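Following: one structure in structure tokens, then a few remarks.
Please treat every number below as a calculation from the coordinates, not as lab data. In this text, all values refer to a predicted model and were calculated from it rather than measured experimentally. Here Cβ is always computed from backbone atoms with ideal geometry, including for glycine, and neighbour counts include all displayed protein chains.
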Amino acid sequence: MNSQFPELVPRLESYATIKTWRERHGRYRMQGSRCKKCNEIWFPSRDALICPKCQSREFIPYECARTGEVLTVQHEIMGYPAMGYGELSPRKIVMIKLDDGVTIISEVVDCAAEEVKPGTKVKMAFRKHKREENGCWMYGYKFVLNK
Amino acid sequence: MQKPNFKKVVLASAAVSGPERSVLGLGYRQFIMKTVLEALDKAKLTVKDVEVGSISYNERNITEGALGCVMADALGMVPIPFVSISQACAGGAICSDIIWNYLVSGRYKIGIVLGLNKPDNFDFRDAMGPIGNYCDYDFMLGFTHENYGHLRSEWYKQKYNYTDSVAAKWAWQCHWYARRNPMALANSGPMPTDEQLNDPGPAGYRARTATGRNMASCLVFVTEDVAEKLKIEPTYFNVSYAHRPVYIGNHFGYTGDERFAPYDMAEQPAIKIAAEEAYKIAGITADKIDIAQVHDLSSYDGMMALEWLGIVPPGQGGKFTAEGHTSIEGKCPTNTDGGAIAFAHSSAGGDFSSKIYENWLQLTGKAGERQVKNPKVTVAQAYGTHHSLDVVGILKK
Ligand SMILES: [Zn+2]
């Protein structure tokens with residue numbers, strides 16, 4: 001679905017919107033897990049899974065640091081945007097080392113491409129993403145420059 | 001891992017489909033028939049001789065929930081066991097591992113491994129996004145396996161201070177081999193120019209990165225005694241695989257297993273784990289390897305593979321490539337079929353099996369113009385879903 005074809009097209013491989021809802025805490029606040037037994041932090045959340053370090057299944061919610069540094073950047077100019085992201089292309093896709101040591105994949109917005117380099121300081125921002133399969137807008141984390 | 005006391009497994013024969021980019025007139029069952037029959041025929045076997053089968057596919061382009069059942073039926077092999085595996089690009093290796101286990105245990109003596117990739121079976125753009133092992137916050141937030149690959153390449157270059165000229169050299173070498181391989185997608189046409197391969201824009205990136213193709217592949221494995229009966233020159237097969245976390249952020253200092261903790265996205269410890277086991281079972285060491293087929297979805301992926309297979313030290317893959325050691329006269333001729341860049345990338349259809357096929361041609365002296373002189377030990381490496389699955393297969397005389 002995009003501006004050219006605004007009607008919903010039934011697709012076999014569509015995610016149910018319930019999935020988007022289930023994962024809202026991670027998407028809105030970068031909420032992962034902290035293992036109650038060994039204290040290790042995990043992102044994405046390992047809630048209801050097993051801690052790879054100590055095999056415990058008891059976790060408490062953990063919100064990742066909201067500031068960090070760009071490790072490496074891809075200027076997405078290849079012409080293969082992900083479904084639902086075509087109008088946002090080209091995106092500045094990055095690996096970020098957060099200040100608490102967690103590494104994530106995300107994108108940097110609201111700046112020029114040349115402002116995003118290895119070592120650039122960034123902070124989390126709450127932004128509109130794509131439309132869910134039911135047509136509602138999905139929101140979640142992106143990053144902006146932390147000047 | 002104990003060195004098992006088992007029957008030796010021989011690759012009796014292999015076949016891959018031709019380089020046609022599109023096979024629109026055939027459904028996937030019809031498409032794979034020619035390849036299966038060709039492989040069996042080369043080994044002087046028929047469908048009735050096969051005791052166990054397996055097939056690797058990607059359920060994003062073959063929308064079947066039980067492909068093993070479909071293939072046993074299509075091949076007229078009912079009621080033999082037929083296992084289907086959907087484990088991305090390296091799925092063929094998992095199928096090979098299953099058949100290897102059936103044969104080494106002595107339970108069966110003749111098994112086939114099929115691979116099938118037919119993206120024209122499914123709307124490509126729709127299929128593209130979800131292909132891979134994406135977990136909570138990557139695919140959903142608009143990051144695909146192409147972003148993973150591109151970021152890994154950028155990190156590798158940055159970490160070891162390489163420029164795209166080494167990737168251009170890698171891609172050029174792949175094209176050199178492909179021009180000498182009639183089964184390669186890039187078998188004809190002029191060689192790419194230095195200017196094209198070093199282009200800093202999207203065209204250059206594509207030239208240094210994999211291109212896709214349809215693929216049907218078939219490997220025929222038998223136990224050593226059957227090979228002897230069939231008067232087959234034995235090439236012995238062993239395989240191993242290991243996993244890495246699915247989320248790309250966890251490829252930096254993963255604390256879930258101490259073997260991964262020191263490493264980052266440009267390092268491939270799961271290849272090392274798989275390689276060590278495969279080498280041990282096969283009774284070889286990395287320095288004995290004469291030919292390598294590695295999974296180069298980007299040229300840098302190929303270099304990383306050479307490093308973590310133990311063929312060159314970490315960080316030296318780019319230098320090794322630039323110095324020409326992957327060429328037919330080099331220290332380790334690499335991707336002699338043309339690799340994912342010029343033979344082309346077929347995911348579950350052949351990204352592992354086509355490499356085994358090429359190594360088999362090389363070991364049996366049937367590689368024509370790209371024949372490496374007298375190889376004895378070959379390695380094939382493939383990854384699935386961005387190194388959350390890493391496999392290593394050894395084929396040797
Ligand atoms: Zn724990």
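For chain B, modelled as a GNM with alpha-carbon contacts under 10 angstrom, which of B:ALA286, B:ALA203, B:ALA305 fluctuates the most?
So, out of B:ALA286, B:ALA203, B:ALA305, the one fluctuating most is B:ALA203.
Please identify, among B:TRP100, B:TRP176, B:TRP155, the residue showing maximal mean-square fluctuation in a Gaussian network model of chain B using a 10 angstrom Cα cutoff.
Residue with maximal mean-square fluctuation among B:TRP100, B:TRP176, B:TRP155: B:TRP155.
List the cysteines in chain A whose Cβ has no other cysteine Cβ under 4.7 Å from it.
If one checks each Cβ against the other cysteines of chain A, A:CYS64, A:CYS111, A:CYS136 turn up with nothing under 4.7 Å.
Checking the a/c ratio against 1.5 first, then a/b against b/c, what shape does the Cα gyration tensor give for chain B? If you can, show how the numbers build up before the last one.
Details: a/c = 1.37, a/b = 1.29, b/c = 1.06.
It comes out rounded by the Cα gyration axes.
For chain A, modelled as a GNM with alpha-carbon contacts under 10 angstrom, which of A:ILE93, A:ILE104, A:ILE50 fluctuates the most?
A:ILE50
What shape does the protein assembly as shown have by the C-alpha gyration tensor, where a ≥ b ≥ c are the square roots of the eigenvalues, rounded means a/c under 1.5, and otherwise prolate means a/b greater than b/c and oblate the rest? Walk me through the intermediate numbers first.
Values: a/c = 1.60, a/b = 1.49, b/c = 1.07.
Prolate, since a/c reaches 1.5 and a/b exceeds b/c.
What is the sum of charges around B:ALA261, taking Lys and Arg as +1, Asp and Glu as -1, for the other residues whose C-beta is under 12 Å from the C-beta of B:ALA261? Intermediate results must be reported in sequence, preceding the final value.
Numbers: positive: A:LYS53, B:ARG259; negative: A:GLU40, B:ASP257, B:GLU258, B:ASP264, B:GLU267.
Local net charge: -3.
Per residue of region B:205-220, what does 6.51 cos²θ - 1.76 cosθ + 1.60 with θ = phi - 60° give for ³J(HN,Hα)? Whole Hz please, x for Gly and Pro, Karplus curve as stated.
Once rounded to whole Hz, the list reads 4, 5, 5, 9, 10, 4, 10, x, 8, 5, 7, 10, 9, 8, 10, 10.
Quick one: A:GLU114, B:GLU38, fewest Cβ neighbours within 10 Å first, how do they rank?
Numbers: A:GLU114 8, B:GLU38 16.
Sorted ascending by nearby Cβ count, the order is A:GLU114, B:GLU38.
Using just the alpha carbons, could you tell me how many Å³ per residue the convex hull of region A:14-64 encloses?
Values: hull volume 3.8 nm³, N = 51.
Taking only Cα atoms, region A:14-64 has a hull volume of 74 Å³ per residue.
So what are the ³J(HN,Hα) numbers for region B:110-120, from phi and the Karplus equation (6.51, -1.76, 1.60; θ = phi - 60°), rounded to whole Hz, Gly and Pro as x?
Here the 3J(HN,Hα) series is 9, x, 10, 10, 10, x, 9, 10, 9, x, 6 Hz.
Please state the relative contact order of chain B as a whole percent: Cα pairs under 8 Å, 6+ residues apart?
Values: 893 pairs, mean separation 100.0, N = 397.
Relative contact order, chain B: 25 percent.
Name the residues whose placed amide hydrogens come within less than 5 Å of the amide hydrogen of A:ARG91, ignoring near sequence neighbours (fewer than 5 apart) on the same chain.
Excluding prolines and chain starts, which carry no amide H, the hits are A:GLU76.
Counting only residues 5 or more places away or on other chains, whose amide H sits under 5 Å from the amide H of A:GLU132 once H atoms are built in the peptide plane?
A:TRP137, A:MET138
Would you mind ranking B:ARG370, A:ARG24, B:ARG60 so that the residue whose beta carbon has the fewest other beta carbons within 10 Å leads the list? List each step's numbers first, then the result.
Details: B:ARG370 20, A:ARG24 13, B:ARG60 23.
Arranged by neighbour count, lowest to highest, B:ARG370, A:ARG24, B:ARG60 become A:ARG24, B:ARG370, B:ARG60.
I need the shape label for chain A. Rule: rounded when a/c is under 1.5, else prolate if a/b > b/c, else oblate, with a, b, c from the alpha carbon gyration tensor. Each step should come with its number before you reach the end.
On the way: a/c = 2.41, a/b = 1.22, b/c = 1.98.
Oblate.
Only bridges whose two residues both fall in the protein assembly as shown count here: according to DSSP, what percent of them are antiparallel, nearest 5?
Values: 64 of 79 bridges.
Roughly 80 percent of the beta bridges in the protein assembly as shown run antiparallel, per DSSP.
Where does each of A:MET30, B:MET33 land when they are ranked from fewest to most other beta-carbon atoms within 10 angstrom? Walk me through the intermediate numbers first.
Details: A:MET30 23, B:MET33 14.
Ascending Cβ contact count within 10 Å gives the list B:MET33, A:MET30.
Using DSSP to define loop residues, name the GluC sites (Glu not before Pro) in region B:244-332 whose beta-carbon has at most 14 other beta-carbon atoms within 10 Å.
Answer by residue number: B:GLU258, B:GLU323, B:GLU329.
Mind checking which helices in chain B clear 18 Å along their axis (Cα) and have mean Kyte-Doolittle hydropathy of 1.0 or more, DSSP H runs only?
Numbers: long enough: B:28-42 (22 Å, -0.13); B:91-104 (20 Å, 1.07); B:145-160 (23 Å, -2.18); B:164-178 (21 Å, -0.33); B:269-282 (20 Å, 0.34).
Counting only whole DSSP H runs, the qualifying helices are B:91-104.
Collect residues whose amide H, placed 1.01 Å from N in the peptide plane, falls under 5 Å from the amide H of A:GLU63; neighbours closer than 5 in sequence don't count.
Under 5 Å from the amide H of A:GLU63: A:GLY32.
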